[in-house]
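Working notes, beginning with the structure itself.
The values are calculated or read from the model by the stated rules, or taken from the named source; none is laboratory data. Just so it is clear, the model here is predicted, and its values are computed rather than measured. Cβ placement follows ideal geometry from the backbone for every residue including glycine, while neighbour counts extend to all protein chains displayed. SASA here: full protein model, heavy atoms, side chains in, ligands and nucleic acids out. Shrake-Rupley method; radii C 1.70, N 1.55, O 1.52, S 1.80 Å.
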Amino acid sequence: MNAVALSAVRVTTGYRRLPVLHELSVTAAPGEVLGLIGPNGAGKTTLLRLLSGIHEPWTGRVLLGDQPLAGFSPRERARHIAFVPQGVTIPVPFTVADVVAMGRVPYLSGWAPLAPADEAAVRQALEQVGLADRADTSIHALSAGEQQRALLALALAQQPRVLLLDEPTAHLDLHHAWHLMELVRDLARAQALVVVLSTHDLSLAASCCTRLALLEKGTLAANGSRDDVLRADLLSGVYGHALGVTVANERWWVHPA
Amino acid sequence: MSRSSTRLRRLAFACPLLLVCALFLGPGWREPWTLLDAEHRGILALRGWRVLLGAVSGASLAAAGVVLQAILRNPLAEPYILGVSAGAGVGAASAIVWGGLALGALILPMGGFAGGLLSLMAVYSLARVDSRTAPHTLILAGVAWGALCSSILMFFVSRSSAEGLHAVSWWFLGDLQVYDTGLVAAVALVNTLALLAIGSQARSLDALTLGDELAGHLGLPTERRKLMLLALGTLLASASVSACGLIAFVGLVIPHAARSLVGPGHRRLLPASILLGAAFLALVDGLGRTLFYPVEIPVGIFTALVGAPFFLALLRRKRRDMWGHGP
């Protein structure tokens, strides 16, 4: 599995006639965790969906390595790019292992049973997120934090090169949010995964993302290390609220000024 | 995991046995061996067709329920909810009322499928907003469409001659009497093919229960796949409606029973529902022939007696508990 970068090149897109992203370019490299931050409606989710290939740009291109994503079939795409959407609900009491095994859908035909390779991928994904001992539990018996980890395992079972997470820590308490983010950061490093995630928790993003991209009304207001992006004047302008940034003990806090 | 596959294996063994039992239910059930006498061959053959129709309809309605529940992500969905059954009823009843029977009995499933498909397309396009279809909008549209079709059926009843009236009101009851073996054979063939096609999409059905967004990220052409599966489910329900009228609640009760036995994964849920549905409808019809002999109770009355309380009990549960708790 050779590691490749994922990039959007001068993309403009939106829904119906309503533009959301405008001439935006961004690249995420293997092993790094790119955090998309910005106010509600800035275009974070749209950018993620665009990077996943499920939403097509009006103009511009999305490239995986040097290949345009538009040239991939949906199934091919799902073998390279995994996406954990926000607010997934699983109505049916599948077991955790059942849910994670759905990550193998891009590799399986309609009726085929799981091959040993699929079983191994599922087991490995469960181990990576620390849910191996809960494999036969109903997904409904898990806490919100565990469910989010199960969805992460589903994505990992796709054996992707790119992992996209839309607000993975929403609705999680402090402990579970940190645990998940550290897990994602370690996975990115260990497997040379491209990880792009969106979040509203700027302090968490500052600590766990290797790079930040600040979106404002569909364009990039800033893109770089936390020192470049988490500046009080910049954030205050973008969020329309007086904000301060405090750094202590290697930890960053963004707070109202 | 292994427990649910054991259960599926037991079902695969027990359900065909139950179908054989159903063959011997009816007048003369106390002396089943007499049915094998040479002079009773005709009765045995007729019973055979009737059990086949019950098995095919039961399996079809149950599988249609499984498909609709998965795609609408709604535990209360079944062919009725989408207005598919009522639409198929209108299609087939129009064929009767306008004298289509002169063209042969196959006009019934054709009319039924046309009505069912038209209903599906109407409901789907009514519920479609921004090239996407939200589950609850689809259900509301289905309920409204079903009400419309029911009034059209009532209109036929109020307008038609006495003979036609009998034929139309029969659609409301649901009955497994075999009037035309050719019709039963055609329905059996078409529905077997549709069941195989749905079976080949078991993993798609699994993924679609996670929602359109995630299913799309798993590489499914979501809208197209949903339309295909809905059309196959419609075909199953319409063909069965055209051969035996509106049989209520089988598409609701059987998938839930099967889910509680083998879990929600469609590679087991589909075959389990097909087996259970087939055995259930054929057996219940056998009871209808036997219990109040010489009066035969139409099978639709029995399924409604079982299904309606089940539906109400399901309604009273919390939404998440409606799916049961797995095996």
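Rundown of residues vs (1) away from chain B (no Cβ under 14 Å); (2) more than 13 Å from A:Val99 (Cα to Cα); (3) in a helix (DSSP H, G or I), yes/no style:
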{"position": "A:Leu156", "(1), (2), (3)": "no, no, yes"}
{"position": "A:Ala170", "(1), (2), (3)": "yes, yes, no"}
{"position": "A:Glu182", "(1), (2), (3)": "yes, yes, yes"}
{"position": "A:Leu187", "(1), (2), (3)": "yes, yes, yes"}
Unique residue being touching a Lys or Arg at 6+ places or on another chain (Cβ under 7 Å) and modelled with pLDDT under 85 when the list is B:Val157, B:Val129, B:Val168, B:Val178: B:Val178
Report, by residue number, each residue of segment A:103-134 that is open to solvent by less than 30 Å² (accessible area, probe 1.4 Å), over 26 Å from A:Glu167 (Cβ atoms) and at pLDDT 95 or above. A:Asp118
Positions within segment A:232-257 being open to solvent by 60 Å² or more (accessible area, probe 1.4 Å) and not polar (S, T, N, Q), in sequence order: A:Asp233, A:Tyr239, A:Gly240, A:His241, A:Ala242, A:Val247, A:Glu250, A:Arg251, A:Trp253, A:His255, A:Pro256, A:Ala257
Condition first: crowded, with 18+ Cβ neighbours inside 10 Å, on the phi < 0 side of the Ramachandran plot, assigned to a strand (DSSP E or B) and modelled with pLDDT of 95 or more. Can you find one or more residues in segment A:47-54 that meet it? no
Across segment A:57-79, which residue is nearest to A:Ala121 (Cα to Cα) among those that are open to solvent by less than 70 Å² (accessible area, probe 1.4 Å) and at the interface with another protein chain (Cβ under 10 Å from one of its Cβ atoms)? A:Ala78
A:Gln159 passes all but one of the listed conditions (1) closer than 19 Å to A:Arg79 by Cα; (2) surrounded by fewer than 18 Cβ atoms within 10 Å (Cβ to Cβ); (3) polar (S, T, N, Q); the exception is number (2)
Just one of B:Leu72, B:Leu68, B:Leu76 is open to solvent by less than 40 Å² (accessible area, probe 1.4 Å), touching a Phe, Trp or Tyr at 6+ places or on another chain (Cβ under 8 Å), within 14 Å of chain A (Cβ to nearest Cβ) and among the hydrophobic types (A, V, I, L, M, F, W, C); which is it? B:Leu76
List the number of the failed condition for A:Arg189; all other conditions in (1) among the basic types (Lys, Arg); (2) within 19 Å of A:Val84 (Cβ to Cβ); (3) touching a strand residue (DSSP E or B) at 6+ places or on another chain (Cβ under 6 Å) hold. (3)
Of the residues that make up segment B:277-284, is at least one more than 24 Å from B:Ser200 (Cα to Cα), open to solvent by less than 10 Å² (accessible area, probe 1.4 Å) and either basic (Lys, Arg) or touching a residue at least 60 places away in the same chain (Cβ under 8 Å) (or both)? yes
A:Pro85 meets each of (1) touching a residue at least 24 places away in the same chain (Cβ under 8 Å); (2) more than 9 Å from chain B (Cβ to nearest Cβ) with one exception, condition (2)
Please indicate, with yes or no, whether at least one residue in segment B:256-273 is surrounded by fewer than 24 Cβ atoms within 10 Å (Cβ to Cβ) and under 22 Å from B:Gly174 (Cα atoms). yes
